[in-house]
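*Asks:* Pasting a structure here, questions to come.
We did not get these values from a lab; they are worked out from the coordinates using the rules stated. If you're wondering where the values come from, they're calculated on a predicted model, not measured in any experiment. Here Cβ is always computed from backbone atoms with ideal geometry, including for glycine, and neighbour counts include all displayed protein chains.
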Amino acid sequence: MDIYWAAMPNEIISPLKFDNPSPAIKYFPKPSGSNTNKCPAMIDYHKNTYALTFPMSYNLTVAEDGDILTGDYTPEILHRLLTIRDKEHKLYSLNFNSLFVAEQSCEMEVFTPTTVKNSFIKNTFLVPGVYDIGQWIRPLECAFFVDGESAQLQINEGDVWGYVRFRTNETVNLNRFFFSPDMHPLLNSISRSVWPATKNVRKLEVFYHMLRRSGYKANFIKKIKENLV
């Protein structure tokens, strides 16, 4: 199955800084004198699972009251790179996004890596989720809760921050594309379709239906194929 992906344009971080997602099994430990890394159950667990890495380094301190402090860069850059979504519950988003799109129906799951250790993973957990990248087009963000009263987050360029798993029995082929300026209006129209928010949670099928009837996806796929890297 072909899955297309792109690093979203960002005012601070160039898309060129983003590494290609790599098979998550690459990060599984290989202890000497053990066949753990050859266990069929472990290999099946990592099937069609890829690691996402940080495109830059950044040291952040999360204060007890939920505020974010840093000696790196300027307050303006911090404001553009990080969104405080809920100080009380210490919920944040790092504003560098990737986009995954498939022509066929395929659910993508995002979750905290279970086989990687670094400062970010040690002190946080991702907001998990599953949606069909063949039926809905939306950027994937790094939304996370900080664990504990306060924490020091040492973010290193190239460190893993999340895993994505494609729920298909087919072999996945990741194809990178350039997110061109003429894709923005299409994606913005799709994103705006979820608003205004209602008190009742709407099922994903509501959004899938909107995209199917719009014809936007076929146009978006056409632009993707014109901009393959």
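*Asks:* Grab the other residues whose beta carbon is less than 12 angstrom from that of Asn37, score K and R as +1, D and E as -1, and report the net.
*Replies:* Charge balance near Asn37 sits at +3.
*Asks:* Can you tell me the length gained on complete extension of the stretch Thr114 to Asn169, counting 0.36 nm per residue apart and subtracting the Cα distance?
*Replies:* 17.7 nm
*Asks:* In region 157-229, what trypsin sites (Lys or Arg not before Pro) fall in a loop by DSSP, with at most 11 other Cβ atoms inside 10 Å? Intermediate values should be presented prior to the final figure.
*Replies:* Values: sites: Arg165, Arg167, Arg176, Arg192, Lys199, Arg202, Lys203, Arg212, Arg213, Lys217, Lys222, Lys223, Lys225; in loops: Lys199, Arg202, Lys203.
Passing both the DSSP loop test and the Cβ count: Lys199, Arg202, Lys203.
*Asks:* Just in region 110-217: which GluC sites (Glu not before Pro) are loop by DSSP and have at most 12 other Cβ atoms within 10 Å?
*Replies:* In loop regions of region 110-217 (DSSP not H, G, I, E or B), the sparsely surrounded GluC sites (Glu not before Pro) are Glu149, Glu157, Glu170.
*Asks:* Loop only by DSSP, 14 or fewer other Cβ within 10 Å of the Cβ. Give me the GluC sites (Glu not before Pro) in region 1-77 that pass, ordered by residue number. Present the calculation step by step, with values, prior to reporting the outcome.
*Replies:* Details: sites: Glu11, Glu64, Glu76; in loops: Glu11, Glu64.
Answer in residue order: Glu11, Glu64.
*Asks:* With +1 assigned to the C-beta of every Lys and Arg and -1 to the C-beta of every Asp and Glu, and no other charges, what is the dipole magnitude of region 2-226 about the Cα centre in debye, to the nearest 20?
*Replies:* 800 debye
*Asks:* Going down the list Lys26/Lys117; Lys47/Lys122; Lys30/Lys117, which pairs span over 19 Å between their C-alpha atoms?
*Replies:* Check vs 19 Å cut-off fails for Lys47/Lys122.
*Asks:* I need the semi-axes of the equivalent ellipsoid of the chain: take the C-alpha gyration tensor, multiply each eigenvalue by 5, square-root it, list largest first in whole angstrom. Don't skip to the answer; put the middle values down first.
*Replies:* Values: eigenvalues 156, 124, 62 Å².
Semi-axis lengths for the chain are 28, 25, 18 Å.
*Asks:* Using helices alone, I'd like the mean residue ellipticity at 222 nm for the chain: each DSSP H run of four-plus residues gives -39500 (n - 2.57), total over residue count, nearest 500.
*Replies:* -6000 deg cm²/dmol, from helical runs alone.
*Asks:* Between Thr61 and Ser150, with labels modelled 7 Å along Cα→Cβ, what's the label distance in nm to one decimal, could you check?
*Replies:* For the pair Thr61/Ser150, the computed spacing is 0.7 nm.
*Asks:* So for the chain, taking the charge dipole from beta-carbon charges (+1 Lys/Arg, -1 Asp/Glu), which of Gly71, Pro185, Pro31 sits furthest toward the positive end?
*Replies:* Of the listed residues, the answer is Pro185.
*Asks:* Could you work out how far apart the two model spin labels at Ser193 and Ser14 are, taking each label as a point 7 Å from the Cα in the direction of the beta carbon, and quote it in nm?
*Replies:* The modelled label-to-label distance comes out at 3.4 nm.
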